[in-house]
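Below is one structure, written out as structure tokens; comments come after it.
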Amino acid sequence: MKQVGIYIIIAFIFYLIGQVIWFLIIIEKPIFDNEYLDNLIIHQVFTFFGIFGLISGITLYKSKK
């Protein structure tokens with residue numbers, strides 16, 4: 001169960017980083033002066049969020065069986 005908590009915390013951290021970057025891009029001009037690079041970074045951060053969320057869900061499901 002402790003391992004599931006770690007995966008959920010990591011997923012939340014990636015989600016928070018993605019939201020902050022996305023918010024900064026909306027408020028200001030592109031952070032890295034390249035819109036393509038900004039979109040690529042946001043995509044990767046939210047992909048890591050999804051992966052860690054999926055891993056935590058699968059791990060939680062297996063631990064409850």
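To keep it simple, each residue is scored yes or no on (1) closer than 19 Å to residue 8 by Cα; (2) in contact with a Lys or Arg (Cβ under 8 Å, 6 or more places away or on another chain); (3) surrounded by 12 or more Cβ atoms within 10 Å (Cβ to Cβ).
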| residue | (1), (2), (3) |
| --- | --- |
| 27 | no, no, no |
| 37 | no, no, yes |
| 44 | yes, no, yes |
| 51 | yes, no, yes |
| 54 | yes, no, yes |
| 59 | yes, no, yes |
| 64 | yes, no, no |
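The conditions are (1) assigned to a helix (DSSP H, G or I); (2) free of Cβ contacts under 8 Å to residues at least 60 places away in the same chain; (3) surrounded by fewer than 17 Cβ atoms within 10 Å (Cβ to Cβ), and residue 33 fails exactly one of them. Which is it?
The single condition residue 33 does not satisfy is (1).
With 48, 52 as the choices, which residue is in a helix (DSSP H, G or I), in contact with a helix residue (DSSP H, G or I) (Cβ under 8 Å, 6 or more places away or on another chain) and touching a residue at least 40 places away in the same chain (Cβ under 8 Å)? Working first, answer last.
Details: 48 fails: touching a residue at least 40 places away in the same chain (Cβ under 8 Å).
Matching residue, one of 48, 52: 52.
So, in region 13-25, how many residues would count as being surrounded by 14 or more Cβ atoms within 10 Å (Cβ to Cβ) and free of Cβ contacts under 8 Å to residues at least 12 places away in the same chain?
Kept after step one, since they are surrounded by 14 or more Cβ atoms within 10 Å (Cβ to Cβ), are these residues of region 13-25: 13-15, 17-19, 21-22, 25.
If we keep only those that are free of Cβ contacts under 8 Å to residues at least 12 places away in the same chain too, we end up with 13, 19.
So the answer is 2.
Can you pull out the residues in region 1-41 that are under 30 Å from residue 60 (Cβ atoms) and aromatic (Phe, Trp, Tyr)? If you could, list the steps in order and put the result at the bottom.
Here is the first cut: in region 1-41, the ones under 30 Å from residue 60 (Cβ atoms) are 1-23, 41.
The answer is 7, 12, 14, 15, 22, 23.
Could you say which residue among 31, 25, 8 is modelled with pLDDT of 90 or more and of a type in the set (Val, Ile, Thr)? Let's see the steps before the verdict.
Numbers: 31 fails: modelled with pLDDT of 90 or more; 25 fails: modelled with pLDDT of 90 or more.
Checking each option against the conditions leaves just 8.
The values are calculated or read from the model by the stated rules, or taken from the named source; none is laboratory data. If you're wondering where the values come from, they're calculated on a predicted model, not measured in any experiment. In this analysis, Cβ positions are derived from the backbone assuming ideal geometry, glycine residues included, and neighbour counts consider all displayed protein chains.
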